[in-house]
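The values are calculated or read from the model by the stated rules, or taken from the named source; none is laboratory data. Quick caveat, the model's predicted, so the values are computed rather than measured. Positions of Cβ are backbone-derived with ideal geometry, glycine not excepted, and every protein chain shown enters the neighbour counts.
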Amino acid sequence: MQRIQTQGVHHITLVGANRQTSIDFWQGVLGMPFVFEQPNLDDPEQNHLYFDPGDGRLITIFTSEGWKPDRAPNPNGIGNVHHLAFTVSRATYTLAAARLKERDVANSGEIDRGFMNSIYFRDPLGQLMELACYKFEPPHGATHADVLREAHNIRLERGAYNIAEEHLADAIELLSRKANPKTEKTKS
């Protein structure tokens, strides 16, 4: 049997509260442009808002004017969404904690994850969110996943607990050599 081959995330849909709460958070706090809205085609009593998270894909939110925001943390159990992570630039990341605080959004502050840095906070409906910033840029022709796959293999070979910057640097060097084998021969 052949597998279904995915080509990326098409969109993620969350259940929101009222329309304005969603617009204030997704566009107002996270800066995601509001793209369009229409009725929820599965339930005409609900609205369906569409936001661009920055890569041209979509985050969509079902809303209803009768739904009130509840800031209680969402359940953390098997089958539940733990958090959503969004890529931000290094420049944005360095300002994120302060900008969230200015909007009275409590956050974790900066957390080092070895291969990336993270800031966590909750949306107005209790969903845990993450702003993530990679510590590296992949070499030309490679993806972040390619670098992380190689860094993971290097980490395992060396018996390290988690991916660290040295593993990233060595993975980038390895991928660069694979992409440009002629460069290595001229250096010898």
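Of everything in region 39-58, what is among the acidic types (D, E), out of contact with any Leu (no Cβ under 7 Å at 6 or more places or on another chain) and either surrounded by 10 or more Cβ atoms within 10 Å (Cβ to Cβ) or in a loop (DSSP other than H, G, I, E, B) (or both)? Give them in sequence order. Let's see the steps before the verdict.
Start the filter on region 39-58 by keeping residues that are among the acidic types (D, E), which leaves 42-43, 45, 52, 55.
Then drop every residue that is not out of contact with any Leu (no Cβ under 7 Å at 6 or more places or on another chain), which leaves 42-43, 45, 55.
Matches in region 39-58: D42, D43, D55.
Yes/no matrix, rows are residues, columns are (1) at pLDDT 95 or above; (2) assigned to a strand (DSSP E or B); (3) in contact with a strand residue (DSSP E or B) (Cβ under 6 Å, 6 or more places away or on another chain):
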position: L100; (1), (2), (3): yes, no, yes
position: N117; (1), (2), (3): yes, yes, yes
position: A132; (1), (2), (3): yes, yes, yes
position: H140; (1), (2), (3): no, no, no
position: A151; (1), (2), (3): yes, no, no
Criterion violated by F115 - all others in (1) buried (at least 19 other Cβ atoms within 10 Å of the Cβ); (2) in contact with a Pro (Cβ under 8 Å, 6 or more places away or on another chain); (3) more than 20 Å from G28 (Cα to Cα) satisfied: (2)
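Return yes when L125 is touching a Pro at 6+ places or on another chain (Cβ under 8 Å), closer than 30 Å to Q20 by Cβ and at pLDDT 95 or above and no when it is not.
Details: touching a Pro at 6+ places or on another chain (Cβ under 8 Å): yes; closer than 30 Å to Q20 by Cβ: yes; at pLDDT 95 or above: yes.
Judged against the criteria, L125 is a match.
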Hey, Y93 of a type in the set (S, T, Y), part of a strand (DSSP E or B) and surrounded by 14 or more Cβ atoms within 10 Å (Cβ to Cβ) or not: no
Condition broken by I78, with the remaining ones in (1) loosely packed, with under 11 Cβ neighbours inside 10 Å; (2) under 17 Å from Q27 (Cα atoms) satisfied: (2)
Failed item, numbered, when A160 is tested on (1) surrounded by fewer than 17 Cβ atoms within 10 Å (Cβ to Cβ); (2) under 28 Å from G8 (Cβ atoms); (3) small (G, A, S): (2)
Subset tally (residues that are closer than 16 Å to M116 by Cβ and either in contact with a Leu (Cβ under 7 Å, 6 or more places away or on another chain) or without any contact (Cβ under 8 Å) to a residue 24 or more places away in the chain (or both)) for region 145-159: 8
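From the list A85, A96, exactly one residue is more than 26 Å from G8 (Cα to Cα), in contact (Cβ under 8 Å) with a residue 24 or more places away in the chain and within 16 Å of the chain's Cα centre (by Cα). Which is it? Don't jump to the end; show me each part of the working.
Details: A85 fails: more than 26 Å from G8 (Cα to Cα).
One residue alone meets the criteria, A96.
When you check A142 against the structure, is it closer than 25 Å to E173 by Cβ and buried (at least 18 other Cβ atoms within 10 Å of the Cβ), yes or no? Steps first, answer last, please.
Details: closer than 25 Å to E173 by Cβ: yes; buried (at least 18 other Cβ atoms within 10 Å of the Cβ): yes.
Judged against the criteria, A142 is a match.
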